[in-house]
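All remarks here apply to the structure that follows.
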Amino acid sequence: MLYKYDTVTKGLEGIFQEHDADVHQFVDVIGLQAHLDTDTSMKSFAKVVRQFGDEGYEIQLTELDMGIPKVLVGEVASDKELKKQGEKYKYIMESMMGLVDEGYHITSISVWGISDDNSWRRNDKGFNAYALLFNEDLSEKPAFRGMAMASEMLSYYTYGLDF
């Protein structure tokens, strides 16, 4: 994941250096398409967010989803896998809130969709990633609880993410 940070920052710098310009005069926000899996290192992801923040960028997590790898279409994700997914969603939210508390400018976290039956990751190469916050019948998954009930989430909801 850190290679993406290097690729993006070096690529942006190179483009603007060719025109004798400072990238920060033209690019204010870095949006991270956060298509993650339960086997993704959340610490590495948070480190990448921190690095973009250290460069002075506003940060937005877009299209957040957290897939459960290797569950074939027609199979059901186990309770253990669903719980792990909820814990990973919680970690993402708590680490982003921690970065905001440190002064990083994180202005948006958006999820890709609502329920697993409408996920772009469903039937991806024969797999059903179960990547979203709600089941097909719109019942909540541990992912919803992990994201919505992260520590201090209510104060962020009341006052806005970047206060």
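The values are calculated or read from the model by the stated rules, or taken from the named source; none is laboratory data. The structure presented is a predicted model; accordingly, all values stated were derived computationally and were not measured. Cβ atoms come from the backbone with ideal geometry, glycine included; neighbour counts cover every protein chain shown. Calculation scope for accessible area: heavy atoms of the full protein, side chains included, ligands and nucleic acids excluded. Shrake-Rupley method; radii C 1.70, N 1.55, O 1.52, S 1.80 Å.
List nothing, just return the count: lysine pairs in segment 1-114, 8 or more apart or interchain, with Cα separation under 18 Å.
14
Quantify, in whole percent, the carbon and sulfur part of the accessible surface of the chain (1.4 Å probe; protein heavy atoms only). Each step should come with its number before you reach the end.
Working: 4770 of 9270 Å².
Carbon plus sulfur share of accessible area: 51 percent.
Multiply the residue separation of ASN123 and GLN17 by 0.36 nm, subtract the distance between their alpha-carbon atoms, and state the gained length in nm to one decimal.
Here the segment from ASN123 to GLN17 would lengthen by 33.9 nm.
When DSSP assigns beta bridges and you keep just the ones with both residues in the chain, what percent turn out antiparallel, to the nearest 5?
On the way: 4 of 17 bridges.
So the antiparallel bridges in the chain amount to around 25 percent.
Between the helical axis of 79-101 and the dominant principal axis of the chain, each derived from Cα atoms, what acute angle in degrees is found, rounded to the nearest 10?
Rounded to the nearest ten degrees, it is 30.
Taking 0.36 nm per residue of sequence separation and subtracting the Cα-Cα distance, how much length would be gained by fully extending the chain between ASP28 and ILE114, in nm to one decimal? Numbers along the way, then the final one.
Numbers: separation 86, 0.36 × 86 = 30.96 nm, distance 2.86 nm.
Additional length available on full extension: 28.1 nm.
What's the angle, to the nearest 10 degrees (0 to 90), between helix 2-18's Cα axis and the longest principal axis of the chain?
Approximately 30 degrees, to the nearest 10.
Work from the charge dipole of the chain (Cβ charges, +1 for Lys and Arg, -1 for Asp and Glu, about the Cα centre) and give the residue of TYR57, THR7, GLY86 farthest towards its positive end.
GLY86
Write out the chymotrypsin sites (Phe, Trp or Tyr not before Pro) in segment 18-78 meeting two conditions: DSSP loop, and at most 12 other Cβ atoms within 10 Å of their Cβ.
Details: sites: PHE26, PHE45, PHE52, TYR57; in loops: PHE26, TYR57.
Passing both the DSSP loop test and the Cβ count: PHE26.
Which angle from 0 to 90°, rounded to the nearest 10, does the C-alpha axis of helix 42-54 make with the longest principal axis of the chain?
Once rounded, the angle reads 20 degrees.
Fully extended, how many nm does the chain gain between GLU140 and ASP37 (0.36 nm per residue separation, minus their Cα-Cα distance)?
Working: separation 103, 0.36 × 103 = 37.08 nm, distance 1.86 nm.
Full-extension gain reported as 35.2 nm.
Just HIS19, HIS105, HIS35 to compare: in a GNM of the chain, with alpha carbon springs under 10 Å, which one fluctuates most?
Top of the fluctuation ranking is HIS19.
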